[in-house]
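Down below is the structure, laid out as C-alpha cells.
Taken together, the values in this text are just the output of simple stated rules run on the coordinates, not laboratory data. All of these numbers come straight from a predicted model, not from anything done at the bench. Virtual Cβ from ideal backbone geometry, glycine too; neighbours counted across all protein chains shown.
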C-alpha cells in the first residue's frame with residue numbers, strides 16, 4: 001500500500017463518509033476525506049438537524065395555546081424568524097466543528113474541494129491528484145426539480161432553511177416527508193400553507209391508515225392539501241408574488257414556492273462513468289453487499305446508492321465497510337425492520353410492513369388499530385387524535401408492522417423497532433406490562449383485531 005498516498009480516500013464528508021473514514025483511520029489506515037462544502041453533509045448542515053430545530057421552534061405556537069388549559073396565563077407572544085435562523089446556524093457551526101475535530105482526532109486528513117475520479121485509484125482535488133488503494137463514494141443526494149416553465153422561481157429545502165423572512169403564503173409541491181415536515185413548520189409559524197400532492201394523499205409508501213390520519217390532522221391545523229394535483233407552470237407576478245397554474249385551469253398565488261419532489265444521487269461530474277463505475281438510469285451507484293461498485297477498488301455508501309436513504313443507514317453502511325476492510329471483521333448491513341419517522345405535526349413513525357405489504361407477503365394477517373385523544377389534549381382542548389396500529393402475521397403470531405401518528409411517535413417507535421428486530425410476537429406484546437399513563441402502553445394493550453375485509457376487497 002506504500003505505492004499510494006492513502007489507504008482510503010472518501011469523497012463526501014457526510015454521515016456515512018465520516019463514520020467510515022474515522023473508523024478506518026482508528027484501525028490504522030491512512031485516510032483522507034474530500035469535501036467541497038461543509039463537513040457534516042446533508043443531515044447536519046441542510047437536513048435532519050436544522051429541520052428538527054425548526055420543528056421544535058414552530059411547535060411553541062401550540063404549546064402557548066395549550067398552556068391555558070393547565071392553568072397558565074401566557075402574555076402576548078411574538079415570533080422572530082431571524083432569531084430562530086441565527087440560533088440554528090450557531091448550532092450548526094458548533095456541530096460542524098465537532099465533526100472536524102472527530103476527523104482530526106482520528107488522524108483523518110481533510111481535503112477541501114470537489115473530488116473527481118481520475119482512475120480506479122486516483123482522485124483529483126483542487127488541481128492536485130491523490131492516490132489510494134480504495135476509494136469510497138459518499139456524496140449523498142441533492143434536491144431534484146422537474147423541468148416545467150418557471151421552475152427557476154422555486155426554492156428547495158436547502159434554501160428554506162435560510163430564508164431571510166417568513167413567507168405569508170407558501171405553496172409546497174410534493175407529498176414526501178420533506179414536504180410534509182416543512183408544511184408543518186411554516187403552518188405553525190403562521191404562514192398560509194398549500195401543499196400540492198400528485199398522489200391520492202401524502203407520504204406514498206407509508207401505511208394507508210397513517211397517511212390518511214396525518215393528512216386529516218394537518219388539514220385540521222390549517223394546511224390546505226390539494227391531492228391528485230400537478231403544477232404545469234410557475235409565473236412571477238408584477239407584485240413579486242408567484243402564480244401557479246395547476247393540472248386543470250385552476251391557478252393559485254403565493255409569496256414563495258417550495259419544491260420537495262424527491263432527491264437524486266449527487267453523482268454528476270464525479271468521473272464515475274469514465275472510470276467504469278456502473279450506475280442506474282437515475283444516477284445511483286450500483287453496489288453489492290460489501291458496498292463495492294463494478295470497479296473493485298471503488299465503493300459507495302449512503303444516499304448515493306439509493307438503497308435506503310436514511311442517515312442512520314448511511315452510518316451503519318459506513319461502519320460495515322470500515323469493519324470489513326480495515327478491522328478484519330466482515331459485516332453486512334441488515335435492511336430488515338429499519339424504523340423511520342416523519343417529524344410532521346403531529347409526528348408519524350413506523351417500522352416493518354404496511355398493512356398492504358403484509359397482505360401481499362403473508363398468508364394471513366391480523367390488524368389491531370386504536371384511535372384516541374392524547375391525555376394532554378383532554379385539558380388543553382386541542383382537537384388532535386393519535387393513531388396506533390399493529391400488523392400481525394397470523395400463522396406465526398409475529399408482529400411485522402408497527403405504525404403511529406401522534407406526539408412522541410419517533411421516541412416510542414425506537415423501542416418497538418428493537419422488538420420487531422428480535423421477532424416479537426403479539427402474545428409477547430400482550431404479556432408486556434404497559435407504562436401508565438402513557439400513549440405507548442396502547443401498543444401492548446390492544447386485544448381485539450379489526451374485522452378482516454372480505455376476500456374480494458382490496459385496500
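Points worth noting:
- For the stretch 221-269 versus the stretch 86-129, the gap between their alpha-carbon centres in whole angstrom: 34
- The DSSP beta bridges internal to the stretch 1-143 are antiparallel in roughly 40% of cases.
- The calculated FRET efficiency for residue 243 paired with residue 219, based on their beta-carbon distance and R0 = 25 Å, is about 0.60.
- Spin-label model distance (nm) - residue 4 vs residue 296, 7 Å beyond Cα toward Cβ: 1.3
- Multiplying the residue separation of residue 200 and residue 378 by 0.36 nm and subtracting their alpha-carbon distance yields 60.9 nm.
- With contacts taken as Cα pairs under 8 Å at a separation of at least 6 residues, the stretch 151-260 carries a relative contact order of 34 percent.
- From the coordinates shown, Rg and Dmax of the Cα atoms in Å corresponds to which of (1) 25.8, 89; (2) 23.9, 72; (3) 22.4, 75: (2)
- Taking the stretch 340-444 and dividing mean pair separation by its residue count, relative contact order in percent (alpha carbons under 8 Å, at least six apart): 28
- Cα gyration tensor category, rounded, prolate or oblate, for the stretch 340-444 with a/c compared to 1.5: prolate
- Amide N proximity, the stretch 247-270 versus residue 232 label position 7 Å along Cα-to-Cβ, cut-off under 14 Å: 247-252
- Fewest neighbouring Cβ atoms within 10 Å first, the residues 413, 404, 219 line up as 219, 413, 404.
- For the chain, share of DSSP beta bridges that run antiparallel, in % to the nearest 5: 60
- Relative exposure of 435, 137, 85, judged by other C-beta atoms within 10 Å (fewest first): 435, 85, 137
- Potential extension, residue 126-residue 114 segment - 0.36 nm per residue separation minus Cα distance: 3.6 nm
- Overall form of the stretch 140-216 per C-alpha gyration tensor (a/c, 1.5; a/b vs b/c): oblate
- Here the extension length gained between residue 151 and residue 83 equals 21.5 nm, from 0.36 nm per residue of separation less the Cα-Cα distance.
- Adding -39500 (n - 2.57) for every DSSP H run of four residues or longer, then dividing by how many residues the chain holds, sets the calculated 222 nm ellipticity at -9500 deg cm²/dmol.
- Sorted by Cβ neighbour density within 10 Å, fewest at the top, the residues 422, 362, 43: 422, 362, 43
- FRET efficiency for the pair residue 433 and residue 74, taken as 1/(1 + (r/R0)^6) with r the Cβ-Cβ distance and R0 = 35 Å, rounds to 0.40.
- Of all DSSP beta bridges in the stretch 151-260, antiparallel share, percent nearest 5: 40
- Normalised contact order of the chain, rounded percent, pairs of Cα under 8 Å and 6 or more residues apart: 15
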